[in-house]
Amino acid sequence: MLSTETVDGSSVPTETLLSALGGKYSAEILNETRTPTSAQELSDRIEIPIATCYRRIEELEDAGLLRCEGRQLSEEGRRTNVYRRTVDTVTFDFTGQAPSIESKKRSEAKNQLQDQLDE
């Protein structure tokens with residue numbers, strides 16, 4: 001089984017990464033998580049059921065493409081997890097014997113700058 005190194009240095013099976021990125025709404029979730037975002041916010045913005053949103057979040061976390069950034073208070077006063085993508089780009093190459101995947105890690109400096117811009 002082929003595996004791909006994630007941005008945090010861990011190894012993820014290539015099939016897991018391809019499956020996570022191939023899931024309906026996965027690209028939209030990654031696009032919306034340039035700043036810490038809750039599952040409910042994602043569900044509302046993308047207009048998908050919350051259960052589907054949580055499934056995609058779990059798949060993207062397992063693939064190393066999304067991580068829980070912490071917890072914050074929701075509008076209802078509940079503590080909720082917020083998620084942020086860990087990559088800015090993912091490139092696939094299918095020309096060789098096996099697929100190769102490269103990803104560009106999202107830097108902490110870029111995260112901090114994005115947070116300031118969105119305030």
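Points to keep in mind about this one:
- Residue check, Y83 of a type in the set (S, T, Y) and within 24 Å of I101 (Cβ to Cβ): yes
- Number of residues in the range 41-86 that are more than 14 Å from the chain's Cα centre (by Cα) and of a type in the set (A, V, I, L, M): the value is 5.
- Taking residues in the range 66-90 that are without any contact (Cβ under 8 Å) to a residue 12 or more places away in the chain, and partners anywhere that are of a type in the set (G, A, S) and surrounded by 13 or more Cβ atoms within 10 Å (Cβ to Cβ), not one pair has Cβ atoms closer than 9 Å while being at least 6 places apart or on different chains.
- Restricted to the range 63-76, and to residues there that are surrounded by fewer than 19 Cβ atoms within 10 Å (Cβ to Cβ) and out of contact with any Lys or Arg (no Cβ under 8 Å at 6 or more places or on another chain), the residue that is nearest to V90 (Cα to Cα) is C68.
- Residues of the range 85-115 that are closer than 17 Å to G70 by Cβ and either at pLDDT below 65 or among the charged types (D, E, K, R) (or both): R85, R106, E108, N111, D115.
- Extreme residue, surrounded by the fewest Cβ atoms within 10 Å (Cβ to Cβ), among residues of the range 9-62 that are in contact (Cβ under 8 Å) with a residue 24 or more places away in the chain and in contact with a Lys or Arg (Cβ under 6 Å, 6 or more places away or on another chain): G23
- Matching entry among E69, E41, E75 (being part of a helix (DSSP H, G or I) and among the acidic types (D, E)): E41
- Within the range 78-102, if we keep just the residues that are in a strand (DSSP E or B) and of a type in the set (F, W, Y), the residue that is nearest to E28 (Cα to Cα) turns out to be Y83.
The values are calculated or read from the model by the stated rules, or taken from the named source; none is laboratory data. The shown structure was predicted, so the numbers you read here are calculated from the model rather than taken from an experiment. Virtual Cβ from ideal backbone geometry, glycine too; neighbours counted across all protein chains shown.
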